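Enquirer: Right, I'll just put the structure down here and ask away after.
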């Protein structure tokens, strides 16, 4: 059996872990040792006692999807009474509300609608950018591949046109587990892991950054979970385009696949192993949306340095019956209570608002700007 203590010592010092070593850590029962090592790595990469967060909105422009993933409770077929494509007026109202709340970004994501081609998306992005000063961190790899198929273009051609229209960066959605055995069970009509990675490689090649996600706790093995991380790490070695990694636990409610949600312990172990394996990814983000604010707060001691989004709107996870809601005050309280300083960022991980300076201004008798 691998010596877990030795692996953790090497990882904490910055040595790269193998698939077998990462799997051994994930299967280890020593939760506190995993957290301690992951926290050492986090402190080395982020020596300042800062935890970032973002104010943005996840707008699902359509729930019509021809993919029919077994883990998803959100999608609808065309003609279903609940099917929709967002109206221009509703989209504008959502964006304006986001800006009023201090938001800096919009994450547009939707189903794989058979009738929406590249022109629809170009017009959508161009219209938003012409009216609003806001970042568009939008359209996941499955959507990009779908647009390419519908439009008869290559992935790179689609990405180039969307980038010119105003797409700033790509979210890492649709990754699930980057192993085709798992993907055939969860979403047999969805893209392969190789296609997901091709989209990211093309995006990075034209100067766009992206995040990478992992939905775990369903049918994957511990080794497949770690293999997902290794494949993200290998892509990062090639392009350096990933800004963050976001692991989140599968929510089985109202889905075709069912099962039980991953425990808080499993979530924290996965968070720690991600920080130890992904030595070239700068940021690890918590998922209070699936775990709640308290577990997310604990995850800050297990390698995470980003609290994610205030998320003024979220529909996909809530469709599975999980509806955690966290206010901005609770986010900043959780960060401070964990011993860190909350700093608002944008989608590119640039600082927007550092609360240290506001506290300093207030202490000197200055009003908030």
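Computed from the coordinates by the stated procedures, all read-outs in this text should not be read as laboratory data. Note that this is a predicted model, so its numbers are computed, not measured. Note: ideal-geometry Cβ built from the backbone for every residue, glycine included; neighbour counts use all protein chains shown.
Enquirer: Kindly provide the helix-only [θ] at 222 nm of the chain, computed as the sum of -39,500 (n - 2.57) over DSSP H runs of four or more divided by all residues, to the nearest 500 deg cm²/dmol?
Expert: Counting only the DSSP helices, I get -13500 deg cm²/dmol.
Enquirer: Obtain the nm distance between the two label points defined at residue 83 and residue 18 by a simple spin-label model: each point lies 7 Å from its Cα along the Cα-to-C-beta direction.
Expert: 5.1 nm
Enquirer: Could you work out how far the C-alpha centroid of region 111-153 sits from that of region 267-316, in angstrom?
Expert: 28 Å
Enquirer: Which residues in region 1-39 place their backbone N less than 19 Å from a point set 7 Å from the Cα of residue 237 along the Cα-to-Cβ direction?
Expert: Once the point is set 7 Å along Cα→Cβ of residue 237, 10-24 turn out to lie under 19 Å by backbone N, inside region 1-39.
Enquirer: Then there's this: Given 0.36 nm per residue, what is the gain on full extension from residue 280 to residue 131 after removing their alpha carbon distance, in nm?
Expert: Separation in residues times 0.36 nm, less the Cα-Cα distance, equals 50.0 nm.
Enquirer: In bins 5 Å wide, starting from 0, what share of all Cα pairs of region 30-148 does each bin hold, as a percent?
Expert: Computed distribution, short to long bins: 2, 9, 16, 17, 13, 11, 10, 8, 8, 5, 1.
Enquirer: Right, here's the next one. Output the relative contact order of region 17-363, whole-number percent, from Cα pairs under 8 angstrom with separation of 6+ residues.
Expert: So the answer I get is 24 percent.
Enquirer: Given springs between every Cα pair under 10 Å in a Gaussian network model of the chain, which of 307, 350, 340 has the largest fluctuation?
Expert: 350
Enquirer: Here is a follow-up. P(r) of region 17-363 in 10 Å steps, Cα pairs, percent per bin?
Expert: Here the calculated profile for region 17-363 is 5, 26, 36, 25, 7, 1.
Enquirer: Let me ask something else. Would you mind computing, in nm to one decimal, how far apart the modelled labels at residue 154 and residue 263 are, each placed 7 Å from Cα along Cα→Cβ?
Expert: Each label point lies 7 Å from its Cα, and together they span 4.9 nm.
Enquirer: Pop a pseudo-label 7 angstrom from the Cα along the beta-carbon direction at both residue 101 and residue 333 and give the gap in nm to one decimal.
Expert: In this crude label model, residue 101 to residue 333 measures out at 1.8 nm.
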